[in-house]
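These notes concern the structure reproduced below.
None of the figures in this text is laboratory data; all of them are computed from the coordinates on show. As the structure is a computational prediction, the values presented were derived from the model and not from experiment. Positions of Cβ are backbone-derived with ideal geometry, glycine not excepted, and every protein chain shown enters the neighbour counts.
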Amino acid sequence: MMNYREVAEQLVPLLGGENNVVSATHCATRLRLVIDDESQIDKSAIEELDGVKGAFSSSGQFQIIFGTGNVNKVFEHFGPLVGASVEDKSPTGETHSDAAKRKMNPFARFARTLSNIFVPIIPAIVAAGMLMGLLGLMRTYKWVDPESGLFVMLDMFSSAAFIILPILIGMSAAKEFGANGYLGAVIGGIMTHPALLNPWGLADAQPDTLDFFGFGVEMLGYQGTVIPVLLTVYLMAKIEKGLRKIVPNTVDLLVTPFLTVIFTGFTALLIVGPLGRVLGNGITTVLDVVYNTAGPIAGLIFGGLYSTIVLTGVHHSFHAIEAELLSNIGGNYLLPIWAMANVAQGGATLAVFFKTKNKKTKEIAVPAAVSAFLGITEPAIFGVNLKHRRPFIGAAIGGALGGAYVVFTQVTANGIGLTGIPMFAIAQDPLNYGIGFIIAVAGAFAATLLLGWKEEAK
């Protein structure tokens with residue numbers, strides 16, 4: 001039985017003391033620590049502690065893998081030792097997210113910002129995607145009459161998240177940019193107002209043009225779009241912050257929201273929204289050209305490189321691109337490729353389990369592989385494969401093979417965020433997705449055994 005208090009107490013000196021820990025929090029599997037001076041960390045000693053499945057530095061944080069169920073119990077004892085609380089605050093009162101961002105380069109900070117905006121929205125998109133999958137089965141196998149009340153209502157439920165996506169993004173983005181979340185939701189509401197033509201699901205409908213002091217404003221809504229509302233809410237946050245600096249406190253509650261909505265609303269419909277629409281359409285067009293031209297070669301490259309991209313933290317920014325694909329073409333062809341790379345990490349980890357003689361590596365490998373098959377790859381990548389190097393290459397080979405197959409068979413998903421086994425629920429072609437899954441795992445397993453690796457001394 002793991003002694004959580006003892007492990008927590010042992011961690012503090014190995015991290016360089018409590019004063020070296022700027023901020024601490026945890027996710028489902030890992031302690032996430034912002035460290036003042038990482039040279040003071042004894043990483044090898046930390047990895048030998050009971051229950052530790054690996055440790056690594058990424059995205060401005062030093063992260064220690066304990067696994068689901070253990071990490072929160074360790075944090076209960078560790079947090080008070082370094083002055084961290086469960087409210088995600090550092091000892092100085094700064095949020096952990098802000099403390100981590102200070103340690104990142106600008107590109108990584110941008111990727112983390114997009115991640116913070118989209119991760120809270122993923123459950124809504126996943127639910128919509130699963131409903132779309134269920135409707136597809138009902139339609140294909142004629143389980144229910146498409147004119148029936150049940151089908152019509154489920155169709156409403158499945159499309160709702162995408163229709164109000166700008167409102168969801170508006171609230172989440174406003175909070176991330178330091179503005180009022182409800183004002184962000186209002187801006188999203190303006191961009192999806194019933195007075196604007198809803199382009200979601202409409203192919204040939206033409207919007208009216210409104211005369212605004214000589215300017216022609218196309219009355220086309222932004223339902224299902226991503227980039228226009230992101231840009232608009234970023235501008236809104238700047239306007240709100242600027243107004244709060246000059247508006248007297250006595251009238252701030254009345255004047256600041258009033259002026260923020262007016263200035264941002266006009267700017268959204270006249271300038272930022274149309275430009276954002278062009279930018280979003282341009283991104284999806286470029287991706288479509290690459291996807292349709294390069295085909296399986298693109299899947300081979302992206303599937304092979306995705307896990308390396310994960311190491312940089314840049315993959316957090318992909319959620320925005322995937323959401324844009326969903327809204328523009330009705331399917332996400334990137335997610336199946338990422339899924340192949342993820343499950344391949346599990347295949348490589350299984351190969352390590354069968355070949356290694358190191359007791360601790362065996363203890364880590366099986367749960368890490370299972371975690372990878374469920375879409376969480378950090379234990380497999382940092383706890384096993386990257387540590388031995390060649391298994392990580394073996395996983396890249398498996399991911400490339402699986403990625404090439406799912407692109408060749410044009411597997412797409414109805415949502416974002418789910419990979420591995422859970423992605424079967426949102427895959428539009430579960431059969432070929434399953435075949436790709438097997439190819440990725442088997443390819444990684446075989447490649448890892450063929451490449452071999454140097455066993456650790458202990």
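Just a few scattered comments:
- Between the listed residues Thr256, Tyr222, Phe392, the Cα displaced farthest toward the positive end of the dipole of the chain, a dipole computed from Cβ unit charges relative to the Cα centre, is found at Phe392.
- Counting every C-alpha pair in the range 164-287, the share spaced more than 26 angstrom apart comes to 22%.
- In this entry, the range 352-443 is assigned a mean projected area of 5.7 nm², taken as a quarter of its C-alpha convex hull surface.
- Tilt relative to the chain, helix 390-408 - C-alpha long axis, 0 to 90 degrees, to 10: 30 degrees
- Between 0 and 90°, nearest 10: helix 71-82 axis offset from the chain longest Cα axis: 90 degrees
- Dividing the summed helix terms, -39500 (n - 2.57) for each DSSP H run of n ≥ 4, by the number of residues in the chain produces a 222 nm estimate of -19000 deg cm²/dmol to the nearest 500.
- The range 296-451 - Kirkwood radius from inverse mean 1/r over Cα pairs (Å): 14.8 Å
- Radius, Kirkwood style, for the range 1-79 when every pair of distinct Cα atoms is counted (Å): 12.1 Å
- Theoretical gain in end-to-end length, Lys241 to Leu210 [0.36 nm per residue, Cα-Cα removed]: 8.1 nm
- For the range 287-316 versus the range 353-424, the gap between their alpha-carbon centres in whole angstrom: 16 Å
- Rg/Rh ratio calculated on Cα atoms of the range 273-320 (Kirkwood radius): 1.06
- Counting only Cβ charges, +1 for Lys and Arg and -1 for Asp and Glu, the dipole size of the range 164-287 around its Cα centre is about 480 debye.
- Structural descriptor for the range 296-451: relative contact order 36 percent, calculated from alpha carbon pairs under 8 angstrom and at least 6 residues apart.
- Per residue, the convex hull spanned by the alpha carbons of the chain comes to 171 Å³.
- Spherically averaged projected area of the range 391-458 from its Cα convex hull (nm²): 5.4 nm²
- The C-alpha atoms of the chain define a longest principal axis, and helix 318-329 lies at about 40 degrees to it.
- Here each label is just a point 7 Å from Cα along the line to Cβ, and for Arg5 and Arg389 those points are 4.3 nm apart.
- Size of electric dipole in the chain: Cβ of Lys, Arg +1 and of Asp, Glu -1, about Cα centre, debye, nearest 20: 1080 debye
- Dimensions (Å) - the range 229-358, Cα atoms, principal axes, largest first: 71, 42, 20
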